[in-house]
Amino acid sequence: MKRITAEDPESRSSDSVADNIAHLARLFPEAFTEGKVNFTVLRELLGDATDEIEEKYGLNWHGKRRARRLALTPSTGTLRPCPEESVEWDSTQNLMIEGDNLEVLKLLQKSYTNKVKFIYIDPPYNTGKDFVYRDNYRDGIRSYLKITGQLDGAGGKLGSNTDASGRFHTNWLNMMYPRLKVARTLLREDGIIAVSIDQEELSNLQKIMDELWGEENRFAILTRRAMHTVRNSSKDFNLHADYLLVYGRNKAWFGESPDRYIRQPQDKSANYPHDEGDGRGPYKLDPLHARNYYTPYRHEFENGVIWEPPKGRYPAYAPDTLTRMERENRIAFERGEPKAKRYLAEVQKGVPPDTVLSPGDVGFNAEGTRELREVLGADKVFPQPKPTRLVRYLLQLANDKDAVVLDFFAGSGTTGHAIMAQNLEDGGKRRYCLVQFPEPIDENNNELQTATEFLESAGKRHNLAELTKERLRRTSASLGTEPATEADLGFRVFKLDSSNLRAWEPDRANMAQSLLDHLDHIKPDRNEEDLFYELLLKLGYDLCVPIERREIAGKRVNAVAGGALLTCLAESIEGPEIDELALGIVAWRDEMDEAGDVTVVFRDSAFEDDVAKTNMTEILGQYGVKDVRSL
Ligand SMILES: C[S@@+](CC[C@H](N)C(=O)[O-])C[C@H]1O[C@@H](n2cnc3c(N)ncnc32)[C@H](O)[C@@H]1O
């Protein structure tokens, strides 16, 4: 039985450096000697493409190199399940994760790499009043737990990044850079990201996005009028606009087929009154003539009608096109006049989105505030939430009703709300994954005046992640009253914490006690479910993967993904239970008819001694279960 320890790859988040080296080695095996990169050879292989000049084009700031390295270090944390704070835990595919988003993104890497279709984020704009997280480069998880008061109860106020700090832009860039770098790995090849920002950090954001995502993958910078009202108090310009930077994971991919190109179908169905029920959908009728097109000609239709363009007009179609249209039943006669059927489905394909967003499509910020007030019944609980209409409009860029959508600066949870509403409207099965820091409420922030009062009355702790969850719960409850709802209105809550597995960090002053403690390397305050979900995450399973559960020999056994992974994380498995459990697991495996190899995982300390473990491994082995591990 192979024991998985905190040092094994199976118990760690994705190792980006190792992945990068493996990619490079696959492309250039000759540039590797004994597992190390030989830069002289690599340089030769890349010829003129290498740049040895010291003064390089690009944006630099203090800490950039460290920020890049930070994106590559694996997380030592885990995500602990919180079914009691969730809605429809058993059936939902949506996620709301409480924690620092950099650690969370790293933890999601194994399970969600190349799975996300659309990322929308609305990070702090760096107004001078925003909380801008300072990463701890040595121990991200410990520092996070300390800051949020989960280590020794202290925690508290985080303070904002003021423009007097002398590191105003630097702090913001150091925070954004590693997050945008890791986020890219989660996107599918045809994935898209849209990032909201205002003029304070627009140029910096564009520079780091160009660097990390590639200038060639930039689709556009969209401009939006965020505020409707004019504040005449401004000294020079009234600042109303904010922007959305839109990049593709790989823009070239979109060019391959025009159908895949980023576009926003507009709902014009009202203008398409006809439908013959032949599967081609609604259509409208357009004249066959235009102001100036083809040389005039006459055409005789099969029903004997002879058509020619009216005086001063020209045929809109070439003669052979018209013949083909007639053959394909694309001509209809309206009061005797032949007309072209224009199908909605075909027209919609060709509308590229505009770079100046219309308030009619995306709404002003005030609309977001109003929506939040309607859901929570309180004002001044969150500063400038975005209108759901904006997110729903952006969802069309993803052009995929099954999209997995990620928002790792979730704020009040607008993205979750927008997805529930959009799925309800169009029958989509989009899934959301939100991440929000349990940021303490800043009592001095005028726009958060009643947040504490609201959370207190709802019986919640006083931080912004509680607000996100409460909005999702209330939105779900109000949308759930709509008749015949099949949309997924639930969400699973997970919280960032240190790993359930103890890393080998001996207390040198008390080595004997450290050794004893390490005999069971699972932390005492963690339960079976914590362990189970850490295992899923570190083995790369979706956190919403289908799970079946059974009692075998009085122990709970989980079958994941139709039986590819079977776990029994009970605290003790004794004597005769070993046989019963092993045979029960084999019988269940046979029943499930899992085609590939099966992995079975137990809790290491559940067995009395090594003999008991060997026993279990051998019985399972006899029935063809070869991959047996313990945690
Ligand atoms: C501008 S708000 C997002 C507003 C959101 N779009 C809405 O409509 O409500 C940015 C959010 O990101 C959160 N945040 C900032 N740093 C974070 C971090 N390191 N991890 C997770 N969330 C973070 C802040 O607490 C804040 O709620």
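The values are calculated or read from the model by the stated rules, or taken from the named source; none is laboratory data. These numbers were taken from a predicted model, which means no experiment stands behind them. Counting neighbours? That spans all protein chains shown, and the Cβs are built from the backbone with ideal geometry, glycine included. The area values use the complete protein model at the heavy-atom level, side chains included, leaving out ligands, DNA and RNA. Shrake-Rupley method; radii C 1.70, N 1.55, O 1.52, S 1.80 Å.
Averaging 1/r across all pairs of distinct Cα atoms in the range 2-71 and inverting the result yields a Kirkwood radius of 15.3 Å. Centroid-to-centroid, using Cα positions, the range 431-471 and the range 610-625 are 50 Å apart.
How many percent of the alpha carbon pairs in the chain exceed a separation of 31 Å? Value for the chain (Cα pairs over 31 Å): 61 percent. Given R₀ = 56 Å, FRET efficiency for GLU52-THR229 by Cβ-Cβ distance, to 0.05? It comes out at approximately 0.55. Ranked by solvent-accessible area (1.4 Å probe, protein heavy atoms only, all chains present), the residues ARG142, ARG430, ARG3, ARG218 order from largest to smallest as ARG142, ARG3, ARG218, ARG430.
Each Cα pair under 8 Å and six or more residues apart adds its separation to the average, and for the range 290-398 the resulting relative contact order is 16 percent. When the C-alpha to C-alpha distance is required to be over 31 Å, the pairs from LYS56/LYS538; LYS386/LYS429; LYS181/LYS235; LYS129/LYS469; LYS110/LYS207 that qualify are LYS56/LYS538; LYS181/LYS235.
The trypsin sites (Lys or Arg not before Pro) of the range 280-380 meeting both criteria, a DSSP state outside H, G, I, E and B (loop) and at most 14 other C-beta atoms within 10 angstrom of the site's C-beta, are ARG291, ARG298, LYS311, ARG335, LYS349. With each pseudo-label sitting 7 Å past Cα toward Cβ, what's the ASN510-ASN444 distance in nm, one decimal? In this crude label model, ASN510 to ASN444 measures out at 4.1 nm.
Among the chymotrypsin sites (Phe, Trp or Tyr not before Pro) in the range 8-87, those placed in a DSSP loop whose Cβ has at most 13 other Cβ atoms within 10 Å are TYR57. Evaluate the Debye formula for the range 1-151 with equal point scatterers sitting on the alpha carbons, no solvent, and hand back log10 of I(q)/I(0) at q = 0.20 Å⁻¹, in q order, two decimals. Relative scattering, expressed as log10 I(q)/I(0), comes to -1.49.
Estimated at 0.36 nm per residue, the fully extended path between ASN329 and GLU189 surpasses their Cα-Cα distance by 46.6 nm. Averaging the Cα positions of each part gives two centres, and for the range 138-162 and the range 388-430 these lie 31 Å apart. Look at where the Cα atoms of the range 169-206 and of the range 1-77 average out, and the two centres are 21 Å apart. Taking a straight Cα-Cα cut-off under 22 Å and skipping sequence neighbours fewer than 8 places away in the same chain, the lysines within cross-link reach of LYS555 are LYS2, LYS523, LYS613, LYS626.
Between the beta carbons of ARG134 and GLU10, assuming R0 = 22 Å, the FRET efficiency works out to 0.10 to the nearest 0.05. Using Cα pairs closer than 8 Å and at least 6 residues apart in sequence, work out the relative contact order for the chain, in percent. This gives 19 percent for the chain. Where does helix 365-376 land angle-wise versus the long Cα axis of the chain, in degrees 0 to 90, nearest 10? Once rounded, one gets 50 degrees. Considering only the range 513-630, what is the antiparallel percent among its DSSP beta bridges, to the nearest 5? So the antiparallel bridges amount to about 50 percent of the total. Heavy atoms of the protein chains alone define the surface here; on that basis the range 269-348 has 64 Å² accessible area per residue at 1.4 Å probe size.
Put SER572, SER75, SER203 in order of accessible area, highest first, and with a 1.4 Å probe you get SER203, SER572, SER75.
Angle of helix 16-27 to the longest C-alpha principal axis of the chain, folded into 0 to 90 degrees and rounded to 10: 70°. The GluC sites (Glu not before Pro) of the range 411-467 meeting both criteria, a DSSP state outside H, G, I, E and B (loop) and at most 12 other C-beta atoms within 10 angstrom of the site's C-beta, are GLU443.
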